[in-house]
């Protein structure tokens, strides 16, 4: 028996499949690299990272955080995951490059082959029909159905190309978030929307047709928020178990921690999906591999790594960089047992720091600790622990006039809505500063996400005592970054490049 939502962390826009006894789920990773994370499960409840689809999406200045370029709120969105005749398919758009990407592999571990599909298909979903014809549905407010070439290079000349569903009522958000299936000879298209009538929250809809040329008929199929601030549970894929039961993997906005996955049972009546009226608070599904031990989705790191046969180092799959990492500016082998970051550019604030190494924040609460050696910092450098979100908070070791200080910074926002843009060149507000002797510290960051509290606090260790530095900071989820907050290790320079920070003994605890 597991609490639902099943993962209290940012795994939005899920799409899900089952291959024999194994479930795979892909979610949006936007600007984080490696990207296109695919999770694996044997019971739909416990999950681990199976793979990342790509190490680098496109080698652009924006994706590399050059200067003040960035892809916050862009990057990889809402992928479609399919398995057809022994091959995995992942299709999605990136809103910075305005391209539609297709990655394919015969094994979930890769290698993944990359190609571009001609056209731009917002919130797309692939369908491989029984006659081997291939289709994609996509769009917002008007949902398009387009037949693709056999090689998925683009639209098929003379193929089906039509609008299958239109939003006809007044809305805040028109139909989007497409998921497309053929089940028992009928075609099912699932969407989300937010109407101006009713509860004013995201709901799930489904439309059904007997053929791709026929009329798609349907409407609302699920409307629930589990009592959570009118935050509708919707958008995601459906999947069947080996014994024929059906579930929808949807997501729900949960404040600063992000958009988190929720399982909802469903069944079919007269060839139409019927969802349970309420998402269950607890859920239990038999495992296809009862004794399987899952790797954690977040965790510790001693930063002891050995290069592989190609002389490359791959960090644990719990980590992702904020944007593309500058591989010549970080190392876990220069000084074994440390994550060593070299400063390579001047940054106005945390948002533009290169090689910030992140893990998802986890609810209901979490804390991380790390040892930091700042003996090679330059004047104007900041290195430390953060909760990375546009309304970020951080604790940092900094150096000024060759003296060391601990500071707590945060980016405040008077606007607590999801709107507004905090991605700019303004510095964070300094709420505390203390001089320290030496240049080595042990830091702690704590985040609480119960009932959308969304607070973070920062501490440093003095002997056996943890001492809070600065304020309790309220984080706000906004569409400017469009992701939940991450805990991160960072270094950025404000005056000169060339400084170095070394992190060691990283510990991560999920608190109940």
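Using bins 10 angstrom wide from zero, how does P(r) for the stretch 39-150 break down, in % of all Cα pairs?
P(r) over the stretch 39-150, rounded to whole percents: 13, 39, 34, 13, 1.
Output needed: percent of Cα pairs per 10 Å distance bin for the stretch 247-406, bins running from 0 to the one holding the longest distance.
Per 10 Å bin, starting at zero, the Cα-Cα P(r) for the stretch 247-406 comes out as 8, 27, 28, 18, 12, 6, 1, 0 percent.
Jot down the radius of gyration and Dmax of the chain, Cα atoms only, both in angstrom.
When restricted to the Cα atoms of the chain, Rg and Dmax are 23.3, 75 Å.
Beta carbons within 10 angstrom, averaged per residue: use that to sort the peptides 243-250, 73-80, highest first.
Working: 243-250: 18.6, 73-80: 23.9.
Ranking, from highest mean packing down: 73-80, 243-250.
Can you tell me the length gained on complete extension of the stretch residue 131 to residue 416, counting 0.36 nm per residue apart and subtracting the Cα distance? List each step's numbers first, then the result.
On the way: separation 285, 0.36 × 285 = 102.60 nm, distance 5.07 nm.
Difference between extended and current length: 97.5 nm.
Report the label-to-label distance for residue 105 and residue 439 in nanometres (one decimal), using points 7 Å from each Cα along the Cα→Cβ vector.
According to this spin-label approximation, the distance is 4.1 nm.
Using alpha carbons only, how many angstrom separate the centre of the stretch 123-186 from the centre of the stretch 281-302?
34
Over what distance in Å are the Cα centres of the stretch 419-462 and the stretch 187-225 separated?
Answer, in whole Å: 42.
Kindly put 60, 27, 100 in sequence by how many other C-beta atoms sit within 10 Å of each C-beta, fewest to most.
Numbers: 60 15, 27 25, 100 22.
By the 10 Å Cβ count, ascending: 60, 100, 27.
Per q in 0.12, 0.18 1/Å, what log10 I(q)/I(0) does a Debye calculation on the alpha-carbon atoms of the stretch 320-511 return?
Values returned for q = 0.12, 0.18 Å⁻¹ are -0.52, -1.25.
I'd like to compare 438-445, 499-506, 300-307: which one has the highest average count of other Cβ atoms within 10 Å, and what's the full order after that? Intermediate values should be presented prior to the final figure.
Details: 438-445: 17.9, 499-506: 21.9, 300-307: 14.9.
Peptide ranking by packing, descending: 499-506, 438-445, 300-307.
If each residue of separation counts as 0.36 nm, what is the full-extension length gain between residue 427 and residue 401 once their alpha-carbon separation is subtracted?
Net length gain for the segment: 7.4 nm.
So, R0 is 60 Å and r is the distance between the beta-carbons of residue 116 and residue 462; what FRET efficiency does that work out to, to 0.05? Show your work: numbers first, answer last.
Numbers: r = 55 Å, r/R0 = 0.91.
That gives a FRET efficiency of 0.65.
Between residue 230 and residue 18, take the C-beta separation as r, use R0 = 35 Å, and let me know the FRET efficiency to the nearest 0.05.
Numbers: r = 32 Å, r/R0 = 0.92.
That gives a FRET efficiency of 0.60.
At each listed q (0.10, 0.17 Å⁻¹), what is the log10 of I(q)/I(0) that the Debye formula gives for the stretch 2-283 modelled as equal alpha-carbon point scatterers?
-0.49, -1.57
Would you kindly calculate the mean projected area, averaged across all directions, of the convex hull enclosing the Cα atoms of the stretch 1-94, in square nanometres? Show your work: numbers first, answer last.
Values: hull surface 27.3 nm².
So the mean shadow area of the Cα hull is 6.8 nm².
Counting only C-alpha contacts under 8 Å and six or more residues apart, can you give the relative contact order of the chain as a whole percent? Each step should come with its number before you reach the end.
On the way: 1429 pairs, mean separation 75.4, N = 512.
15 percent.
We did not get these values from a lab; they are worked out from the coordinates using the rules stated. In this text, all values refer to a predicted model and were calculated from it rather than measured experimentally. Using ideal geometry, Cβ is built from the backbone for each residue, glycine included, and neighbour counts are taken over all protein chains shown.
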